[in-house]
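The values are calculated or read from the model by the stated rules, or taken from the named source; none is laboratory data. Everything quoted here is computed from the prediction, not taken from an experiment. Counting neighbours? That spans all protein chains shown, and the Cβs are built from the backbone with ideal geometry, glycine included.
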Amino acid sequence: MIATTPEPIFPMPDSIPAAPNKVTRHLIEQLQSHPKRVVFTEGEDIRVIQAAARMVALEAVAPILLGNVARIRTLAAEHGVPLNFVRVIDPKTSSDLPLFVKRAENMARYRASGQVDTAQTIARPHYFGAMMVQYGHADAIVGGNQAIPASYFRALLHNIKPQAGIDRIFGVTVLMAPHFPLLGDDRVIFLTDTGLNPDPDVSLLSTIAIETGKLAHHFLGRTPVVALLSHSTKGSSTTPEARKVSAAAALAQDRIAREFLDIRLDGELQADVAVDPRAAETKLADAANRDIADVLVFPNLDAAHISMKLLQHLGGAQNYGQIILGLARPAAQVPRTASVETIFGTAAAVAVEAIKYHQLHPDSDF
């Protein structure tokens, strides 16, 4: 029996959907017991304001919006959105700015960059928000809804420590599609890397597969099935690209065995073999014992990003994220086309990640 969501403490305008879906309900239930602070770097956006109000109404997250305070309050009033328990900060006038500037000036990367005015840099919302998360003023960060991705990622990389043992950050997009029967009972699938690394090598591809598998385990609450995708299935093609995916799968399987990770992983596999039992039965001898993949690991950024956009815009899948892995603090980037639902669900996801960050990343200093 699915637990019902408590009545919100503040009524929400009709423009803000109140009922979480199957994905976000599970997240919200966890956050109602352990609320987290999520900073939104681009707060002068009605979609962010609506998502923040929805989180407060569900008693799930304490939102922090960065931007011009007067503009945010005016925008909220014009659309009838309450800002009760939503903290609004203008980085330029924040009392924390001098502290963040001092800490930035002690970082080697800032000293080496020759910044003329560190204060001017840190006062930018992306940089200020990253500082808030790095130094414990917020638990997770969401941005990108009004910015070019590169500017947001640059701020994260400059101000948030990397996760131990991971050389590159990468992005995971979570898709929910109740109308996709092949996705199984959860109707959820994780796509990776959907936004950062154009052509990952064998080592990085292996790391992406394992870390995304850990994330899926966290959200699904069970052993995830990870598939490393290719145009080839188990040696049906011997191109360098297929061999790279096969090598990455072997490397990942070795690490899973050595570290006793609760992840099932296979590759190289064609997409139909990974998600359609009928195709698997035709192409694989052991197909009877295979489950549909929960995680699809793409061989390069083009394949991942194109597939994500097609599933979202043509297939009608609801997207959350991308969740950024490889940093020592929970972070996510949403596209400029993001809906209120996408922003809401993405923020809930990184907030839940903050609850159990030690469990997911035991080497982190979070």
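Structure summary
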| item | result |
| --- | --- |
| Options Ile141, Ile208, Ile166, Ile148; residue that is touching a residue at least 12 places away in the same chain (Cβ under 8 Å), of a type in the set (A, V, I, L, M), out of contact with any Cys (no Cβ under 9 Å at 6 or more places or on another chain) and surrounded by fewer than 24 Cβ atoms within 10 Å (Cβ to Cβ) | Ile166 |
| Residue in the range 175-182 that is closer than 25 Å to Thr337 by Cβ, surrounded by 22 or more Cβ atoms within 10 Å (Cβ to Cβ), assigned by TED's automatic domain parsing to the domain that holds Ser307 and of a type in the set (A, V, I, L, M) present | yes |
| In the range 49-63, the residues that are out of contact with any helix residue (DSSP H, G or I) (no Cβ under 6 Å at 6 or more places or on another chain) and not in a strand (DSSP E or B) | Ala52, Ala53, Met55, Val56, Ala57 |
| Criterion: more than 20 Å from the chain's Cα centre (by Cα) and touching a residue at least 12 places away in the same chain (Cβ under 8 Å) - qualifying residue of Phe100, Phe128 | Phe100 |
| Members of the range 319-329 that are out of contact with any Lys or Arg (no Cβ under 6 Å at 6 or more places or on another chain) and over 17 Å from Gly195 (Cα atoms) | Arg329 |
| Unique match (being under 26 Å from the mean Cα position of the chain (by Cα), under 22 Å from Asp201 (Cα atoms) and in the same structural domain as Glu241 (by TED's automatic domain parsing)) among Asp266, Asp294, Asp262 | Asp266 |
| Flag if Val56 is closer than 30 Å to Gly221 by Cα and surrounded by 23 or more Cβ atoms within 10 Å (Cβ to Cβ) | no |
| Only listed residue being within 30 Å of Glu268 (Cβ to Cβ) and charged (D, E, K, R), chosen from Arg154, Arg103, Arg168 | Arg168 |
| Residue within the range 302-310 that is surrounded by fewer than 20 Cβ atoms within 10 Å (Cβ to Cβ), among the hydroxyl-bearing types (Ser, Thr, Tyr) and touching a residue at least 24 places away in the same chain (Cβ under 8 Å) present | yes |
| Qualifying positions in the range 215-233 - in contact with a strand residue (DSSP E or B) (Cβ under 9 Å, 6 or more places away or on another chain) and buried (at least 18 other Cβ atoms within 10 Å of the Cβ) | Leu215, Ala216, Phe219, Pro224, Val225, Val226, Ala227, Leu228, Leu229, Ser230, Ser232, Thr233 |
| Matching residues in the range 292-318 - criterion: being at pLDDT 95 or above and either farther than 25 Å from Ala274 by Cβ or polar (S, T, N, Q) (or both) | Asn300, Ser307 |
| Residue in the range 320-336 that is without any contact (Cβ under 8 Å) to a residue 12 or more places away in the chain and surrounded by fewer than 24 Cβ atoms within 10 Å (Cβ to Cβ) present | no |
| Residues of the range 25-60 satisfying the condition of being polar (S, T, N, Q) and at pLDDT below 95 | Gln30, Gln32, Ser33 |
| The lone exception for Lys22 - which of (1) loosely packed, with under 15 Cβ neighbours inside 10 Å; (2) at pLDDT 95 or above it fails | (2) |
| Qualifying residues in the range 269-291 (those that are within 24 Å of Val202 (Cβ to Cβ) and among the aliphatic types (A, V, I, L, M)) - the one surrounded by the fewest Cβ atoms within 10 Å (Cβ to Cβ) | Leu284 |
| Neighbours by Cβ (under 7 Å, 6+ apart or cross-chain): first from the range 51-77, under 14 Å from Thr346 (Cα atoms); second among the β-branched types (Val, Ile, Thr) and not in a helix (DSSP H, G or I) | Ala52/Val86; Arg54/Ile16; Met55/Val61; Val61/Val38; Pro63/Val38; Pro63/Val86 |
